[in-house]
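Written below as structure tokens is the structure these notes are about.
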Amino acid sequence: MGDPARPQPARPVRSGFVAGVGRWTRRLIVGTILVGLAVGLGTAVRVWQVARIDDRTSADAIVVLGAAQYSGTPSSVFEARLEQARKLYEEGVAPRIVTVGGKQEGDLFTEAASGKAYLTDQGVPADAIVPVEEGSDTLRSIESVADTMEGAGWHSAVLVSDPWHSLRTRTMARDAGLDAWTSPTRQGPAVFTRESQFHGITRETGALLWYQLTHFSADFPYTAGQ
């Protein structure tokens, strides 16, 4: 046994404190990662769930979100959306279709004008189509539509886009004051393959989380097909 009168060495207080901070830091990092994964997975599930909803309740307008067009000819992604809007109009879901979207640098036509031209060629009366030729991304497009509809006294909208885009467009439209629901297309590159579906869900999960955190738009490049 040691001599009780003999001074005992001091405990390494500083090293113990540093070790404790390190443990808590590691726990915080792991906890943050797990929470982030849970939020991301939950959002992805909601994107998938809303993508399956096809709500054809009567509304003031059918709003078709723009996509790429080439010299006035809609891309395959855009055409699929326009075809869905046309079917809804012919079913009597709404008395008008609102096409929306501006133009990229160097374009001669806006997405909204290209959409209107396509729909009139398919037999939709020109006076039943309202082009909103503004918006370079989803958020700006939705805000422009909301302003136009408010000015016309229209309050409810069926939103037409790709399935995976539905939750984000609906969220933005409701934030802008519209009574909105979704009827997405079931054809086109966005739904052709498992790869395009996975890409769409992943893309929209990230974009929606960014919007919810910042209320800024985040339209990542669409590569599933044009």
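The values are calculated or read from the model by the stated rules, or taken from the named source; none is laboratory data. Every value quoted in this text rests on a predicted model; they were computed, and no experiment measured them. Here the Cβ positions follow ideal geometry from the backbone for every residue, glycine too, while neighbour counts run over all protein chains shown. Please note that ligands, DNA and RNA were not included when accessible areas were found on the heavy atoms of the full protein model with its side chains. Shrake-Rupley method; radii C 1.70, N 1.55, O 1.52, S 1.80 Å.
Extension gain for K87 to E105 (0.36 nm times residue separation, less C-alpha to C-alpha distance): 3.3 nm. A full extension of the chain between W24 and T202 corresponds to an added length of 60.9 nm, given 0.36 nm per residue minus the alpha carbon distance. The residues of the stretch 109-185 expose, per residue, 37 Å² of accessible area to a 1.4 Å probe.
The stretch between Q212 and E195 holds 3.5 nm of extra length on full extension. This uses 0.36 nm per residue minus the Cα-Cα distance. Given R0 = 41 Å, the distance between the Cβ atoms of T32 and R56 translates into a calculated FRET efficiency of 0.45.
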